[in-house]
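The values are calculated or read from the model by the stated rules, or taken from the named source; none is laboratory data. This one's a predicted model, so the numbers in the text were calculated from it and none came from an experiment. So basically every Cβ, Gly included, is an ideal-geometry build from the backbone, and we count neighbours across all protein chains shown. Keep in mind that these areas ignore ligands, DNA and RNA; they rest on the heavy atoms of the full protein, side chains included. Shrake-Rupley method; radii C 1.70, N 1.55, O 1.52, S 1.80 Å.
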Amino acid sequence: MTGMDNAHALVVGIADYWHPNGYFGKLPPIVCKDARDVHALLTTAERGGYRSENAQLLLDGEATLSGLRDALAGLKARCDAESAVLIYVSSHGGTISTGQDAGEYLLPVDVVYTDEGRLVAETALSGAE
């Protein structure tokens, strides 16, 4: 086993949100290019040294709430106490200030905000999760 055989990564880039509105919008395409570049750097033997099967890349439509949860579950299944883990995310984040869902959230490509600008907690990935 080489030094990076037990290194794992999840790299996410979300620019083309499905439901942008006045409270958050689409991000420039460079977001996904940056995520691709990070993934490529990690999986280049001479640079990052991550095994390609240990570094997952999710871009735009792949980065749904379900896709993110599946990717995180896969990462957890592949890793052990000796693993090195990198999670790189370039996307929007959101906050719910009050109530039972108060906290910070990662906004997947399919996130929903109400017309009043409130984040629908069930459509986002909470920091606690």
Count the DSSP beta bridges whose two residues both fall in the chain, then state the antiparallel fraction as a percent rounded to the nearest 5. 40
Rounded to the nearest 10 Å², the accessible area of GLU104 using a 1.4 Å probe with every protein chain kept is 120
How much length is gained if the chain between ASP101 and GLU46 is pulled fully straight, taking 0.36 nm per residue apart and subtracting their Cα-Cα distance, in nm to one decimal? 15.4 nm
Please report, in debye to the nearest 20, how large the charge dipole of the chain is about its Cα centre when each Lys and Arg carries +1 at its beta carbon and each Asp and Glu carries -1 there. 240
Give a quick list of chymotrypsin sites (Phe, Trp or Tyr not before Pro) in segment 1-87 that DSSP marks as loop, anything other than H, G, I, E or B, with at most 14 other Cβ atoms within 10 Å. TRP18, TYR23
Which residues does a label at ILE30 reach in segment 51-92, if reach means a backbone N under 20 Å from a point 7 Å past the Cα toward the Cβ? 59-60, 88-92
To the nearest 10 degrees, how steep is helix 65-78 against the longest Cα principal axis of the chain, on a 0 to 90 scale? 30
As an exercise, use a Förster radius of 25 Å and the Cβ-Cβ distance of ASP37 and SER66 to find the FRET efficiency, rounded to the nearest 0.05. 0.45
With runs of 4+ DSSP H residues as the only contributors, calculate the mean residue ellipticity of the chain at 222 nm using -39,500 (n - 2.57) per run, divided by the residue total and rounded to the nearest 500. -6500 deg cm²/dmol
Compute the acute angle (0 to 90°) between the alpha-carbon long axis of helix 30-42 and the principal axis of greatest extent of the alpha-carbon atoms of the chain; round to the nearest 10°. 20
Placing +1 on the Cβ of each Lys and Arg and -1 on the Cβ of each Asp and Glu in the chain, which of LEU57, LEU68, ILE96 has its Cα farthest towards the positive end of the resulting dipole? LEU57
